[in-house]
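What follows draws every value from the coordinates through simple rules; no lab data is involved. As the structure is a prediction and not an experimental result, all values here were calculated from the model. Using ideal geometry, Cβ is built from the backbone for each residue, glycine included, and neighbour counts are taken over all protein chains shown.
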Amino acid sequence: VRVVIVDENDCVPEFLQSIYSKDGIPETVTTATSLLQVSANDCDSGANADLTYYTLSPDFIISPHGTIFPAGPLDYERPNHLYEFVVMAIDKGEVPRTGTTTVRIRMANVNDEAPEFSQHM
């Protein structure tokens, strides 16, 4: 008798942290700079455990392996000097399952604004 057990995609990807954060990112950081890495696990096997990462944030991009980069220039002069967005891990099961986490990027100010006089002489 030979019994073959096939994995069912019954596990949801779970991130190692519910919130990932990085403080002190200078607003002059370039789009080639890796800001932080997120990671999730899936207790399934094969394609059901193969994860790809996504974000809908217009300010950041994420590699298929979870490395976050700026999508363009970042700005310190924003509410609380903070970017906050959701990252999704999606498995490659026939009916994909999704897990999410929150990412918080707190900016550091850089002296990039020229002084202006209130009156011209």
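Full extension of the chain segment joining Glu94 with Leu56 gains 11.4 nm, where the gain is 0.36 nm per residue of separation less the Cα-Cα distance.
Amide H contacts of Phe60 (H built 1.01 Å from N, in plane; Pro and chain starts excluded): Ala71 sit under 5 Å, all sequence-distant by 5 or more or on other chains.
Please tell me the relative contact order of the chain in percent, rounded to the nearest whole number, where contacts are Cα pairs under 8 Å and at least six residues apart.
It rounds to 32 percent for the chain.
Note on the chain: GNM, Cα springs under 10 Å; of Gly72, Gly93, Gly24, the largest mean-square fluctuation is that of Gly24.
Taking Asn111, Asn80, Asn41 as the candidate residues, the one with maximal mean-square fluctuation in a Gaussian network model of the chain, Cα springs under 10 Å, is Asn111.
What you get for the chain, charging only the Cβ of Lys and Arg (+1) and of Asp and Glu (-1), is a dipole of about 160 debye around the Cα centre.
Positive end of the dipole of the stretch 1-111 (Cβ unit charges, origin at the Cα centre): among Thr101, Gly24, Cys11, the Cα lying farthest that way belongs to Gly24.
Karplus-based coupling profile of the stretch 38-51, in residue order and whole Hz: 9, 8, 10, 10, 9, 6, 6, 10, x, 4, 5, 10, 7, 9, with θ = phi - 60° in 6.51 cos²θ - 1.76 cosθ + 1.60 and x standing for Gly or Pro.
For a modelled paramagnetic label at Asp23, 7 Å from Cα along Cα-to-Cβ, the residues of the stretch 51-83 in reach, with backbone nitrogen under 16 Å, are 80-83. Judged by the ratio a/c of the largest to the smallest principal axis of the C-alpha gyration tensor, the stretch 7-63 counts as prolate, that ratio being 1.5 or greater while a/b is larger than b/c.
Relative contact order of the stretch 69-121: what whole-number percent is it, with Cα pairs under 8 angstrom and at least 6 residues apart?
32 percent
How high is the relative contact order of the stretch 10-69, in percent, with contacts defined as C-alpha pairs under 8 Å that are six or more residues apart? Over the stretch 10-69, the number comes to 35 percent. For the listed peptides 15-22, 48-55, a ranking on the average number of other beta carbons within 10 Å per residue, highest first, reads 48-55, 15-22. On the principal axes of its alpha carbon atoms, the chain extends 95, 22, 19 Å, with the longest extent given first.
The slack in the chain from Thr67 to Ala114, taken as 0.36 nm per residue of separation less the alpha-carbon distance, amounts to 13.6 nm. The 3J(HN,Hα) values that the Karplus relation (6.51, -1.76, 1.60; θ = phi - 60°) gives for the stretch 111-119 are, in residue order, 6, 10, 10, 6, x, 10, 7, 6, 10 Hz. Gly and Pro appear as x. Computed from phi, the 3J(HN,Hα) profile of the stretch 8-24 under the Karplus parametrisation 6.51, -1.76, 1.60 (θ = phi - 60°) reads 9, 6, 10, 9, 8, x, 10, 6, 5, 10, 6, 9, 9, 9, 9, 10, x Hz, with x in place of Gly and Pro.
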